[in-house]
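The values are calculated or read from the model by the stated rules, or taken from the named source; none is laboratory data. Computed from a predicted model, the values in this text were never measured in an experiment. Cβ atoms come from the backbone with ideal geometry, glycine included; neighbour counts cover every protein chain shown. These accessible areas exclude ligands, DNA and RNA; they are computed on the full protein's heavy atoms, side chains included. Shrake-Rupley method; radii C 1.70, N 1.55, O 1.52, S 1.80 Å.
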Amino acid sequence: MDGVANLRFLRGYNDALVLGIVRAGQPMTRVELAGRSGLTPQAVSKIVARLIADGLLVETGSRNVGVGKPRTMLRLVPGSRFALGVHVERDELRVVLVDLSGSVLDRAVTVLAPEFTPDSLVEALAEQVQVLRGRNDVPDDRLLGVGVGFVGPLDHFNGVVRDATSLTGWHDVPLRDLAARRLGLPVLVDKDTNVAMAAEAWCRGGDFRHAALVLAGTGLGAGLLLDGQVHRGARTNAGEFGHTTLQIGGPPCACGRAGCVEVLHNSALAEGDVHHAVTVLGTAVADLVQLLDVDHVVLGGKSVLSSPEVYVGGVRDAVREQIPRPDWLSVDVSVSPLGQDLVAAGAAVLVLSAFYGRNLPSQVPTGGTALAAHPT
Ligand SMILES: [Zn+2]
């Protein structure tokens, strides 16, 4: 296990830096890499040699740059490493296989029985992982690990599901360790909303730094990107947006409070009134924008995907009408292009980010399953 685990992370911060720059951009030369990374050309040459030897980068033709001999271009080898991403919904289990660029190569989806237990979930997960690995040629030493996106509240740092709202039998469950033991692979666990945010940020890059990702599935929550970082809060409990109160004395919610955004939104949907559901959501999103000053709101989840135009139009209108000075405080509202794969792809991005040395939990998983990317 240790030998395999050693292949799962980059050798140092600078290796991760260089690989990350190549991933995010077009093929580039060693000189360009030195310019963008701030490293010396000599250091870049050594790092690139290592990354080529590990199969992560490849030379791809050359480009004339004025006088002197043409410079060799480098690009990422997407098929050099893989990760699995899992979305546990209350009624469905989705597993995707992604390559090192984060592209979804294949997916396996199965129904989860109501009241599924930790043991039955881990068994179903092992089956779907087997299905995907059977269909795709993924050598053990190229599979970085498994990310799991699960409903909160949970503890990302310790991989423990605290209490999954509306699921019984899920109280302080060490899901990360249970899954790692059953799969024999490194596992990371995070809230569905956080990994969805991570997936969107991975795709957008650049100036996408202040965003809220509103996930409206069977539950309702938000992933937050603040100053370019996924914001989890002190106990991974940030973004419990669905359980903020919109109506004092309103209907009781599964969380124990009353008049929450989630219960108002879901009740309207249950009555077939999508427009009212979206009005509720839009008002709550306007509050969120006022609180955090994000300039992007991304919508995802099954409810959104069933009527994307109604959701994006309604939330856009609510934000425009309810935020003062929309000319100045403009907010881009969109539906995530990742569709049904959003959370699963994001869970895989969690593993890729660890490989690239980003967004690591401060306490890495124990038991020989560490995904640590580098000593800091
Ligand atoms: Zn609630």
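Which condition number does ALA284 fail, the rest of (1) within 16 Å of the ligand (Cβ to nearest atom); (2) of a type outside the set (Phe, Trp, Tyr); (3) more than 24 Å from the chain's Cα centre (by Cα) being met?
Looking at each condition in turn, ALA284 falls short on (3).
Among the residues of the range 284-314, count how many are assigned to a helix (DSSP H, G or I) and either under 13 Å from LEU220 (Cβ atoms) or of a type in the set (Phe, Trp, Tyr) (or both).
Selection size over the range 284-314: 7.
Take the residues of the range 229-258 that are in contact with a His (Cβ under 8 Å, 6 or more places away or on another chain) and under 20 Å from VAL294 (Cα atoms): which is modelled with the lowest pLDDT?
At the first step, the residues of the range 229-258 found to be in contact with a His (Cβ under 8 Å, 6 or more places away or on another chain) are 232, 236, 238-239, 242, 253, 255, 257.
Going one step further and asking which of them are under 20 Å from VAL294 (Cα atoms), we end up with 232, 236, 238-239, 242.
On the way: ARG232: 94, THR236: 88, ALA238: 93, GLY239: 92, GLY242: 96.
The selected residue is THR236.
How many of the residues in the range 117-151 are of a type outside the set (Gly, Ala, Ser), outside any helix (DSSP H, G or I) and surrounded by 13 or more Cβ atoms within 10 Å (Cβ to Cβ)?
Of the residues in that region, 8 qualify.
Which members of the range 93-116 meet the condition of being open to solvent by less than 20 Å² (accessible area, probe 1.4 Å), of a type outside the set (A, V, I, L, M) and either farther than 21 Å from GLY79 by Cα or free of Cβ contacts under 8 Å to residues at least 12 places away in the same chain (or both)?
Selection gives PHE116 alone.
Residues that are in contact with a helix residue (DSSP H, G or I) (Cβ under 7 Å, 6 or more places away or on another chain), on the phi > 0 side of the Ramachandran plot and not polar (S, T, N, Q): find the strands (runs of 3 or more DSSP E) completely inside the range 42-113 holding 3 or more of those. Spell out the reasoning first.
Working: elements: 57-63, 71-76, 82-88, 92-99, 104-111.
Where strands (runs of 3 or more DSSP E) fall fully within the range 42-113, none carries at least 3 residues being in contact with a helix residue (DSSP H, G or I) (Cβ under 7 Å, 6 or more places away or on another chain), on the phi > 0 side of the Ramachandran plot and not polar (S, T, N, Q).
Considering every residue within the range 154-175, establish whether at least one is within 20 Å of the chain's Cα centre (by Cα) and assigned to a helix (DSSP H, G or I).
Yes, the range 154-175 has at least one match.
Which residues, taken from the range 170-192, are of a type in the set (D, E, K, R) and either buried (at least 23 other Cβ atoms within 10 Å of the Cβ) or under 14 Å from LEU125 (Cα atoms) (or both)?
Residues satisfying the conditions are ARG176, ASP177, ARG181, ARG182, ASP190, LYS191, ASP192.
Every residue, every condition in (1) open to solvent by 50 Å² or more (accessible area, probe 1.4 Å); (2) within 30 Å of GLY169 (Cα to Cα), yes or no:
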{"site": "LEU19", "(1), (2)": "no, no"}
{"site": "ALA24", "(1), (2)": "yes, no"}
{"site": "ARG30", "(1), (2)": "yes, no"}
{"site": "SER62", "(1), (2)": "yes, no"}
{"site": "VAL77", "(1), (2)": "no, no"}
{"site": "SER80", "(1), (2)": "no, no"}
{"site": "VAL86", "(1), (2)": "no, yes"}
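Assuming ARG232 fulfils every condition listed in (1) farther than 27 Å from HIS171 by Cα; (2) more than 15 Å from the ligand (Cβ to nearest atom); (3) open to solvent by less than 50 Å² (accessible area, probe 1.4 Å) apart from one, which condition is it?
If we test ARG232 against (1) farther than 27 Å from HIS171 by Cα; (2) more than 15 Å from the ligand (Cβ to nearest atom); (3) open to solvent by less than 50 Å² (accessible area, probe 1.4 Å), just (1) comes out false.
Take the residues of the range 159-198 that are of a type outside the set (D, E, K, R) and within 16 Å of the ligand (Cβ to nearest atom): which is nearest to THR236 (Cα to Cα)?
Within the range 159-198, the match that is nearest to THR236 (Cα to Cα) is THR193.
Just to verify a result, which residue in the range 247-275, among those that are open to solvent by 60 Å² or more (accessible area, probe 1.4 Å) and within 10 Å of the ligand (Cβ to nearest atom), is nearest to PRO308 (Cα to Cα)?
ALA254
Within the range 199-209, does at least one residue satisfy the condition of being within 11 Å of the ligand (Cβ to nearest atom), of a type outside the set (A, V, I, L, M), in contact (Cβ under 8 Å) with a residue 40 or more places away in the chain and not in a helix (DSSP H, G or I)?
Scanning the range 199-209, I find no residue that is within 11 Å of the ligand (Cβ to nearest atom), of a type outside the set (A, V, I, L, M), in contact (Cβ under 8 Å) with a residue 40 or more places away in the chain and not in a helix (DSSP H, G or I), so the answer is no.
Would you be able to tell me the number of residues in the range 315-354 that are assigned to a strand (DSSP E or B) and of a type in the set (Ser, Thr, Tyr)?
So the answer is 1.
Which of the residues that make up the range 270-314 are closer than 26 Å to ALA198 by Cβ, in contact (Cβ under 8 Å) with a residue 24 or more places away in the chain and among the β-branched types (Val, Ile, Thr)?
Result: VAL278, VAL285, VAL289, VAL294, VAL297, VAL298, VAL304.
Looking at SER336 and the list (1) closer than 30 Å to HIS171 by Cβ; (2) hydroxyl-bearing (Ser, Thr, Tyr); (3) open to solvent by less than 20 Å² (accessible area, probe 1.4 Å), which single condition is not satisfied?
Answer for SER336: the failing condition is (1).
Provide a single number: the residues in the range 239-269 that are in a loop (DSSP other than H, G, I, E, B) and touching a residue at least 24 places away in the same chain (Cβ under 8 Å).
Number of matching residues: 6.
Quick one: which of LEU84, LEU121, LEU93 is in contact with a Gly (Cβ under 9 Å, 6 or more places away or on another chain) and at pLDDT 95 or above?
Matching residue, one of LEU84, LEU121, LEU93: LEU84.
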